[in-house]
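Right, one structure below, let's go through it.
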Amino acid sequence: MSIPVVDFGACSLREKDVSEEQMISLSKDLETAFTEVGFVFLKNTGITQEEVDRVMAISKTFFLQPDEEKQPFSRKSFAGSPNHGWVSFGIERLNPSRPGDLKEAFNITSLQPDIKWPSGAAKGFREIQTSFFQRCKELSLRVLKVMAFSLGLDPEVFLSAHRFIGEEGNCSTLRTLYYPPVKHEEVKEGQLRCGEHSDYGSITLLFKSSVGLQVRQRSGEFLCAPAVPGAVLVNIADLMQRWTGDHFVSVLHRVLLPPPGDLSTRQSLAFFVQPDDEALICCCDGSNKYPPVTGGGYIAERFKASYGQN
Ligand SMILES: O=C(O)CCC(=O)C(=O)O
Ligand SMILES: [Fe+2]
């Protein structure tokens with residue numbers, strides 16, 4: 001089955017109210033997508049292509065600077081926010097059995113006033129990224145509400161565990177990714193732009209500049225995600241699968257290399273939604289299939305498993 005495209009217009013950020021009828025129809029569409037594929041394209045979310053382009057443009061300006069300019073913002077150099085900051089090229093392996101991913105990234109996890117931000121050539125970076133973070137937060141909360149409705153749950157069930165997105169006590173992250181041109185003669189065996197992985201938290205919003213993303217289907221085969229202009233790709237992450245007793249599925253995905261000779265760059269923006277650190281996540285179907293876990297505890301374990309001591 002391909003990734004469904006759903007019109008989210010009724011719940012768009014431009015709308016204040018949504019009728020019961022619209023909610024029923026939308027929630028059915030999301031439920032089907034999240035149980036069968038784990039991914040959905042949402043059209044008419046209220047987040048415009050111009051907004052996305054602005055974030056990508058300032059991000060690219062940052063990434064194209066020499067490494068010395070980016071070094072002061074390295075991940076791990078922000079006390080109290082270990083995931084915040086710049087991840088240099090080739091360092092991360094989302095699939096630990098492959099060589100390093102051919103990408104660099106900047107994670108925006110902390111919006112605290114004392115955080116140091118890039119300036120100079122990347123003037124405006126802070127304002128553009130933080131305002132996009134807030135837009136993604138608003139959209140995520142709307143999606144979580146429809147998801148709860150689709151499961152016949154109290155609409156607050158997910159929202160009440162996501163009270164502090166963008167504040168202390170919640171590690172939701174806006175990650176801007178840059179994939180430079182691929183020099184095929186230097187690529188190691190098995191190396192990709194981004195190795196197979198599933199995301200950790202509740203849901204992820206993904207905005208991308210071009211094709212290359214593949215999503216694993218039930219059959220085990222990887223399916224190319226098409227370009228759907230203006231749409232936001234939303235996927236279920238691991239903690240949400242656990243939360244729903246495996247009803248919604250979190251699936252592997254990866255980013256392939258471009259064909260030899262194609263020297264284009266690629267960019268994407270991922271908004272990783274995580275529950276609050278203190279939120280207690282119990283299977284929402286009452287099945288107790290998995291023991292309760294706190295949002296913060298679960299994420300810390302996952303980071304430990306994939307990064308070890310680094
Ligand atoms: O760049 C992309 O299209 C996907 C990135 C991704 O899946 C991730 O960073 O978790
Ligand atoms: Fe991902």
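The values are calculated or read from the model by the stated rules, or taken from the named source; none is laboratory data. The structure displayed is predicted, hence computed values, not measured ones. Ideal geometry is used to build each Cβ from the backbone, glycine not excepted, and the neighbour counts take in all protein chains shown. Calculation scope for accessible area: heavy atoms of the full protein, side chains included, ligands and nucleic acids excluded. Shrake-Rupley method; radii C 1.70, N 1.55, O 1.52, S 1.80 Å.
General remarks:
- Value of [θ]222 nm, deg cm²/dmol, for the chain, DSSP H segments ≥ 4, -39500 (n - 2.57) each, nearest 500: -8500 deg cm²/dmol
- Think of a 1.4 Å ball rolled over the protein heavy atoms: the chain then has 45 Å² of accessible area per residue.
- Inter-label distance, nm, simple model (7 Å from Cα along the C-beta direction), D246/T130: 4.4 nm
- Cross-link table K183/K304; K137/K208; K76/K304; K76/K103; K16/K208, entries beyond 21 Å C-alpha to C-alpha: K183/K304; K16/K208
- Derived scalar couplings between HN and Hα for segment 88-97 equal 6, 4, x, 7, 8, 10, 6, 10, x, 8 Hz in order, rounded to whole Hz, by the Karplus curve 6.51 cos²θ - 1.76 cosθ + 1.60 (θ = phi - 60°), x for Gly and Pro.
- For segment 180-264, the set of GluC sites (Glu not before Pro) satisfying both a DSSP loop assignment and a count of at most 11 other C-beta atoms within 10 Å is given as E189, E221.
- DSSP bridge pairs, the chain: antiparallel proportion in percent, nearest 5: 90 percent
- Viscosity 1.002 mPa s, 20 °C: Kirkwood-radius Stokes-Einstein D of segment 229-295 over Cα pairs, µm²/s: 145 µm²/s
- Carbon plus sulfur fraction of accessible area for segment 146-225, probe 1.4 Å, in percent: 49 percent
- Values of log10 I(q)/I(0), in the order q = 0.09 Å⁻¹, for segment 40-174 under a Debye, Cα-only, solvent-free model: -0.33
- Share of carbon and sulfur in the accessible heavy-atom surface of segment 1-89 [1.4 Å probe, %]: 48 percent
- Ranked by the mean number of other Cβ atoms within 10 Å per residue, highest first, peptides 43-49, 226-232, 236-242 order as 236-242, 43-49, 226-232.
- Its alpha carbons considered, segment 154-303 gives a radius of gyration followed by a Dmax of 17.2, 55 Å.
- The long axis of helix 125-150 is offset from the longest Cα principal axis of the chain by roughly 30 degrees.
- Sites matching trypsin sites (Lys or Arg not before Pro) across segment 70-154 that sit in DSSP coil, with at most 11 neighbouring C-beta atoms within 10 Å: K116
- The chain - Kirkwood radius from inverse mean 1/r over Cα pairs (Å): 19.9 Å
- Sum of side-chain charges, T265 neighbourhood, beta-carbon under 13 Å (Lys, Arg +1; Asp, Glu -1): +4
- Relative contact order of the chain, taken over Cα pairs closer than 8 Å and 6 or more residues apart, is 21 percent.
- Over segment 1-105, the alpha carbon radius of gyration divided by the compact-protein estimate 2.2 N^0.38 Å works out to 1.50.
- Trypsin sites (Lys or Arg not before Pro) lying in DSSP loop within segment 156-187, provided at most 11 other Cβ fall within 10 Å: K183
- H247 sits with roughly 80 Å² accessible to a 1.4 Å probe, with DNA, RNA and ligands left out of the calculation.
- With respect to the chain, whose longest principal axis is taken over its alpha-carbon atoms, helix 49-63 is tilted by about 40°.
- Each part gets one Cα centre, and for segment 255-310 versus segment 180-196 those centres are 23 Å apart.
- Simple spin-label estimate for E21 and Y290 in nanometres, 7 Å along Cα-Cβ: 3.8 nm
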